[in-house]
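Reviewing the structure listed below.
The values are calculated or read from the model by the stated rules, or taken from the named source; none is laboratory data. Values in this document were obtained by computation on a predicted structure and should not be read as measured data. Glycine also receives a Cβ, built like all others from the backbone with ideal geometry; neighbour counts cover every protein chain displayed. All accessible areas refer to the heavy atoms of the entire protein, side chains included, with ligands and DNA or RNA removed. Shrake-Rupley method; radii C 1.70, N 1.55, O 1.52, S 1.80 Å.
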Amino acid sequence: MYPHHREREQPIFSARAHVFQIDPTTKRNWIPASKHAVTVSFFYDGNRNVYRIISVGGTKAIINCTITPSMTFTRTSQKFGQWADSRANTVYGLGFATEQQLHQFCERFKEVKEAARLAREKSQDKMELASTALSIAAPQFSQDLGDELQSPPVACVNGPEDKMFRSQSADITLSSEKERIKKMLSEGSVCEINLEAELFTLQDSNSKLVAALHEANNNVEQWKKQLAAYQEETERLRDQVADLEAHGGHGPSDMLKDELTQSLEELEALLKAKDEEIHILQSKKAEYHEMEQEREEAIHRLQEMEMRNVELERRVQNAEQNLAASLEERDRLEGEVQRAIEILDVKIFDLNDLRQSLVKLIDK
């Protein structure tokens, strides 16, 4: 499927992990990209002088990500980490079997990111040496671009003082309610991430137990066949011993009887050991059912948490709508108060004119 990069790229580091991708619709839930753990490798392309992360599942490329200096690998739990690929517009998640494997992958990611940064700087130096004209025009271009990107000054218009008519208590109540709901929503997201990590661990343990159970069932079938063969052999030896005891001196010697008796005892001990192994496998099967029940409970809790998150989002939207309505109502009241002040100013001016007129009449 990928003969080109196999020839020109060199593998640097490889690890086994379960690969996930973020849901493009919700941007919150993880979608498994592989049914089982696959190999995730760092590759170096000598021709292009770039580093990449590649993972292939069957004939399909699950991960094909070029590492840039701006990427960051984040550990979200003891066995789970993630990073964002802006070119592919997605977020990749890796679930490892042990915490040590996650630590090794994280350290190697930092090393490869630093190497990618050095390679980019080196390539930029080469481009500057090869094109002197571009290097001379680059500062002027950057200055022009910076001038264009500068934000225009913000004009501030200070209205009349209206401290007496502002409802500070309403603002404090609305802001505190909004912060409380946002805090509840963030706690719900953290619980959802923890439950997803726990579900991933349970799924990993479930797959291991299923494989062990299949192997144990195959071994039980083989041991049952061996047990039946041993039982037949035991019955045959018992019949031979009975025949020897019945014939007495006409049969084989006492040494042969002792050998047959010893073989019979060994077979009985072997049968007892096989019975114990069967009981152990049956107990493991019961443990598997318990793990399956725990996995179902974790899925149920995850569903409840998702429903709770939906409810919290709805409450946040309602709170934001109420806040917008309150702000609009406050602006309306402020406008009415301003108009009342203007009317009062006109009335006061009229009363002042009337007072002066009365003073003039009294003087006359």
Listed here are the pairs K35/K60; K208/K285; K79/K122; K79/K208; K35/K208; which of them are more than 24 Å apart at the Cα? K79/K122
Taking the dipole of region 220-344 about the Cα centre (Lys, Arg +1; Asp, Glu -1; charges at Cβ), the one of H300, L270, L260 that reaches farthest to the positive side is H300
For a label point 7 Å along the Cα-to-beta-carbon line of K274, residues of region 207-235 with backbone N under 14 Å: 219-235
Compare the peptides 22-32, 45-55 by average per-residue count of other Cβ atoms within 10 angstrom and give them in order, highest first. 45-55, 22-32
Most packed first (mean Cβ within 10 Å per residue), the peptides 312-319, 94-101 order as 94-101, 312-319
What FRET efficiency comes out for the pair A84/E235, r = Cβ-Cβ distance, R0 = 45 Å, nearest 0.05? 0.05
Quickly work out the R332-to-L351 label distance, labels modelled 7 Å from Cα along the C-beta direction, and quote it in nm with one decimal. 3.0
For region 292-332, rounded, prolate or oblate, judged on the Cα gyration tensor with a ≥ b ≥ c (square roots of eigenvalues), a/c < 1.5 rounded, else prolate if a/b > b/c? prolate
Zone residues, region 276-294, relative to L227, backbone N less than 17 Å from point 7 Å out along Cα-to-Cβ: 276-286
Taking only protein heavy atoms into account and a 1.4 Å probe, give the accessible area per residue of region 206-364 in Å². 77
